[in-house]
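Everything on this sheet refers to the single structure shown next.
No lab work stands behind these numbers, since they all come straight from the coordinates. Note that this is a predicted model, so its numbers are computed, not measured. Here the Cβ is made from the backbone with ideal geometry for all residues, glycine too, and neighbour counts use every protein chain on show.
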Amino acid sequence: MQAELKKAVDYLNERISIKPEAALILGSGLGDFADTFDASIKIPTSEIPGYPRSTVEGHKGFLVFGEHKGVPLMAVQGRTHYYEGYDIQRVSFVVEIIAALGIPYLLVTNAAGSVNPRFKPGDLMLISDHVNFLFDSPLRGSARFTDMSNPYSSELVHDIEQMALNKGIALKRGVLWVSSGPTYESAAEVGMIRKMGGDAASMSTVPEVIMANTLGLKTVGISCLTNYATGISKEKLTHEEVTITAKKVKETFISLVSNIVTEIFTAPA
């Protein structure tokens, strides 16, 4: 894996000239933020040595390097998921690339179903913590033991909440429950998630956050709540609904991420 990582990083360094100050992993329907970059370089992930290819609609399959309002960034337009059949170490491979490029900040985003009935589709939820129901870890087989007492930087969460309040951007805060998918949760499973402290359900993010914490990246996460989870709504769930709702909140999402990048990630330490 380390040999593949070196090949991937060398491949990218030959093609980019900027040093990103932060990396963004953009979830289902949220990839358009990378289109706001100036002088961007889009590298197909299918061409990067060792990189697992995304096969999901709404995930374009590019690493995008460029500047947003003068801030150099890297964006992952199309993550890979555990349910696509990859080993979990492959799912978090991009985070190893981010760390090897010397990028200090990571913002992970995803589309998620609202389990908390007080959260509605179209809300943006700042992730305060997660429950790993994948029953797997990208560290499995290694000797690394990572502290997970603060996987989503409490300092960053506080700063983002204050910034959003000042800007008039509505934000929820909650716990993300992640399971393997690709099926959506049953009504009974959603009831269990609620009783066990989950506010939103997703099929991604946790492998990347575990790896980010291991490698020392300052990490924050945002869920775009695209639907009510099964049992809270009687509507059948589809991936099309997920991407449609994500598009509806596109402007608010871009505004929030833009302010995080320009005001939080670039603030003096």
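In this structure, the amide hydrogen of ILE25, modeled 1.01 Å from its nitrogen in the peptide plane, lies closer than 5 angstrom to those of VAL76, LEU107, VAL108, THR109, counting only residues at least 5 positions away or on a different chain. Looking at region 2-264, send over the antiparallel percent of its DSSP beta bridges, to the nearest 5. If I count the DSSP bridges inside region 2-264, around 35 percent turn out antiparallel. Look at the alpha carbon pairs under 8 Å that are at least 6 residues apart: their mean separation over the length of region 2-264 gives a relative contact order of 25 percent. Here region 2-264 is assigned +1 on the Cβ of each Lys and Arg and -1 on the Cβ of each Asp and Glu. Its dipole about the Cα centre then comes out at about 280 debye. Within the listed set ASP123, ASP147, ASP159, the Gaussian network model of the chain (springs between alpha-carbon atoms below 10 Å) gives the highest mean-square fluctuation for ASP147. Comparing SER54, SER186, SER153 in a Gaussian network model of the chain (Cα springs below 10 Å), the most mobile by mean-square fluctuation is SER186. Each DSSP beta bridge with both residues in region 10-88 is either parallel or antiparallel, and the antiparallel ones are about 70%. Other residues whose C-beta falls under 10 angstrom from the C-beta of GLY66 contribute a net charge of -2, scoring Lys and Arg +1 and Asp and Glu -1. Region 165-220 and region 25-87 have Cα centres spaced 20 Å apart. Using the Cα centre of region 20-127 as the reference point, and only Cβ charges (+1 on K/R, -1 on D/E), how large is the resulting charge dipole? Debye, rounded to the nearest 20. Roughly 240 debye, rounded to the nearest 20.
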